[in-house]
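The values are calculated or read from the model by the stated rules, or taken from the named source; none is laboratory data. Every value quoted in this text rests on a predicted model; they were computed, and no experiment measured them. We place every Cβ from the backbone using ideal geometry, glycine too, and count neighbours over all the protein chains shown.
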Amino acid sequence: MLWINDQIAIADWELSEVFSRASGPGGQNVNKVSTAVDLRFEAERSPALTPAVKARLKRLAGRRWTLDGAIVIRAEETRSQAQNRELARGRLAELIRAALVAPKRRVATKPTLGSRQRRLKAKAERGEVKAMRGKVDED
């Protein structure tokens with residue numbers, strides 16, 4: 001079980017992990033030990049998430065969202081398989097927590113009378129400055 005908050009928990013059947021060799025420097029260790037983890041979360045099939053949360057999660061996940069509705073998170077920072085596993089689970093939990101927060105709706109407002117008058121005055125002044133840039137008459 002992966003607990004997201006007090007109400008939401010991700011079941012073990014929704015998560016799968018695949019371990020592979022990490023890329024980058026590391027000497028013999030990187031060639032011998034499979035420490036990198038690919039954590040796969042079946043988000044589209046998850047009963048713990050509402051459709052609205054799934055939609056926000058899809059937008060937040062970006063390239064990590066697969067065509068069959070899963071999120072794949074790769075962690076290969078440390079030389080320890082257990083630490084990489086915890087890093088990947090932590091990233092997934094943060095991603096889901098971010099998707100749980102519904103964005104505030106924007107309330108449309110009209111510009112005030114004073115702001116409209118200031119804008120028009122600034123435009124007129126700027127127009128006068130530009131009008132003075134023409135060629136000078138000889139008389």
remark   = Filtering the stretch 33-54 down to residues that are without any contact (Cβ under 8 Å) to a residue 40 or more places away in the chain and either surrounded by fewer than 12 Cβ atoms within 10 Å (Cβ to Cβ) or part of a loop (DSSP other than H, G, I, E, B) (or both) yields Glu42, Ala43, Glu44, Arg45, Ser46, Pro47, Thr50, Pro51
message = I need the full set of residues from the stretch 75-134 which are closer than 29 Å to Gly24 by Cβ and among the aliphatic types (A, V, I, L, M), in order please.
response = Ala75, Ala82, Leu87, Ala88, Leu92, Ala93, Leu95, Ile96, Ala98
inquiry  = Based on this model, can you work out whether Ala22 counts as at pLDDT below 90, in contact with a helix residue (DSSP H, G or I) (Cβ under 6 Å, 6 or more places away or on another chain) and of a type in the set (Gly, Ala, Ser)?
reply    = yes
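Would you mention how many residues in the stretch 83-139 are of a type in the set (Val, Ile, Thr), closer than 30 Å to Lys58 by Cβ and either modelled with pLDDT under 90 or in a helix (DSSP H, G or I) (or both)? If you could, list the steps in order and put the result at the bottom.
From the stretch 83-139, those of a type in the set (Val, Ile, Thr) are 96, 101, 107, 109, 112, 129, 136; that's our starting set.
Among the residues that remain, those that are also closer than 30 Å to Lys58 by Cβ are: 96, 101, 107.
Going one step further and asking which of them are either modelled with pLDDT under 90 or in a helix (DSSP H, G or I) (or both), we end up with 96.
Total satisfying the criteria: 1.
Taking into account only those residues within the stretch 91-112 that are small (Gly, Ala, Ser) and either under 22 Å from Thr50 (Cβ atoms) or in contact with a strand residue (DSSP E or B) (Cβ under 9 Å, 6 or more places away or on another chain) (or both), which is surrounded by the fewest Cβ atoms within 10 Å (Cβ to Cβ)?
The first filter runs over the stretch 91-112 and keeps only residues small (Gly, Ala, Ser), leaving 93, 98-99, 102, 108.
With the extra rule that they be either under 22 Å from Thr50 (Cβ atoms) or in contact with a strand residue (DSSP E or B) (Cβ under 9 Å, 6 or more places away or on another chain) (or both), the set shrinks to 93, 98-99, 102.
Details: Ala93: 16, Ala98: 11, Ala99: 22, Ala102: 9.
That would be Ala102.
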task = Please work out which residue is nearest to the chain's Cα centre (by Cα), limiting yourself to the stretch 4-32 and to residues that are free of Cβ contacts under 8 Å to residues at least 24 places away in the same chain and in a strand (DSSP E or B).
result = Val18
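When residues of the stretch 6-28 are filtered for being among the aromatic types (Phe, Trp, Tyr) and surrounded by 10 or more Cβ atoms within 10 Å (Cβ to Cβ), how many remain? First the steps, then the outcome.
From the stretch 6-28, those among the aromatic types (Phe, Trp, Tyr) are 13, 19; that's our starting set.
Restricting the remaining residues to those that are surrounded by 10 or more Cβ atoms within 10 Å (Cβ to Cβ) gives 19.
So the answer is 1.
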